[in-house]
Amino acid sequence: MSDSQAAPAAGSLFGEGSLPFDIGWQKLMMWVFIITDALLFAGLLVSYGVVRVASPVWPDQNVAFDMNYITLMTFTLIASSWSMVCAVSASNAGNKKHVSTFLWLTIFGGVSFLGMQVYEWSHFIHEGARLTSNPWGVAHFSASFFVITGFHGMHVTTGVIILLIVAIRSAKGKATAIGVENAGLYWHFVDLVWVFVFALFYLV
């Protein structure tokens, strides 16, 4: 069998003749960014874990936070991930009207999450929490909260801005399927990071 016959056969194993690394540079760069950013978040969470283990005592999260409220925040962000999946699916199907609808729903979820986070921060600060001190006795507790949730909040804000740009481009008929998909990759990454923050900082 000749090489020209073998190549299509090999490519067909991955569906429609696509090889596993045959992706555009835009998606490749997005994956590179996500991987490097994931390592940064991992470093923050590991550092938090080391500080917590090294501390002889640690405040009870149920005392410092309203866990029902934090759960609502988490649900809101996860729900926005679902609408983002719908936006990507609609984009791949060429349904521009549904793309815009689901993008705006995702933006609404992101803005709602940020609004709830602002309220959480203001309540936490009102209770006396600062970067170097807090009423619960362990200075690293509030410092970890501000650094980890603040860094994640910056990512959510960036994601909302990206989605706004994509939504406006979609309304003008200029958004591409790969552009919507890349925005979706970033948004899913932000949501996934929050799941780890929620589990490791608020629950454990």
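The values are calculated or read from the model by the stated rules, or taken from the named source; none is laboratory data. No experiment lies behind these values; they were computed from the predicted model shown. Glycine gets a Cβ as well: all are built from the backbone with ideal geometry, and neighbour counts include every protein chain shown.
Would you mention how many residues in segment 131-142 are in a helix (DSSP H, G or I) and touching a residue at least 12 places away in the same chain (Cβ under 8 Å)?
Number of matching residues: 3.
So, in segment 73-102, of the ones that are β-branched (Val, Ile, Thr), in contact (Cβ under 8 Å) with a residue 60 or more places away in the chain and out of contact with any Ser or Thr (no Cβ under 7 Å at 6 or more places or on another chain), which residue ends up nearest to Tyr119 (Cα to Cα)?
Thr74
Considering only segment 49-62, state which residues are part of a helix (DSSP H, G or I) and touching a Phe, Trp or Tyr at 6+ places or on another chain (Cβ under 7 Å).
Passing the criteria: Arg52, Gln61.
Counting only residues that are touching a residue at least 12 places away in the same chain (Cβ under 8 Å) and more than 24 Å from the chain's Cα centre (by Cα), which one in segment 111-130 is surrounded by the most Cβ atoms within 10 Å (Cβ to Cβ)?
By that ranking, first place goes to Ala129.
Out of the residues in segment 165-177 meeting the condition of being touching a residue at least 24 places away in the same chain (Cβ under 8 Å) and either over 12 Å from Gly94 (Cα atoms) or within 17 Å of the chain's Cα centre (by Cα) (or both), tell me which one is surrounded by the fewest Cβ atoms within 10 Å (Cβ to Cβ).
Ala171
Pairs under 9 Å by beta carbon, first residue without any contact (Cβ under 8 Å) to a residue 60 or more places away in the chain in segment 56-68, partner surrounded by fewer than 16 Cβ atoms within 10 Å (Cβ to Cβ) and not acidic (Asp, Glu), six or more apart or different chains?
Asp66/His123
Considering Asn182, Asn92, which residue is part of a helix (DSSP H, G or I), more than 21 Å from Leu200 (Cβ to Cβ), among the polar types (S, T, N, Q) and at pLDDT 95 or above?
Checking each option against the conditions leaves just Asn182.
Looking at (1) at pLDDT 95 or above; (2) among the aliphatic types (A, V, I, L, M); (3) over 13 Å from the mean Cα position of the chain (by Cα), which is the only condition Val138 fails?
For Val138, the exception is condition (1).
Among Phe151, Phe108, Phe189, which is the only one that is out of contact with any strand residue (DSSP E or B) (no Cβ under 7 Å at 6 or more places or on another chain) and buried (at least 18 other Cβ atoms within 10 Å of the Cβ)?
Phe189
List the residue pairs whose Cβ atoms are under 9 Å apart, where the first residue sits in segment 25-36 and is closer than 12 Å to Gly179 by Cα and touching a residue at least 60 places away in the same chain (Cβ under 8 Å), the second is assigned to a helix (DSSP H, G or I) and of a type in the set (Val, Ile, Thr), and the two are 6 or more positions apart or on different chains.
Pairs that qualify, where the first residue is closer than 12 Å to Gly179 by Cα and touching a residue at least 60 places away in the same chain (Cβ under 8 Å) and the partner is assigned to a helix (DSSP H, G or I) and of a type in the set (Val, Ile, Thr), are Gln26/Ile178; Lys27/Ile178.
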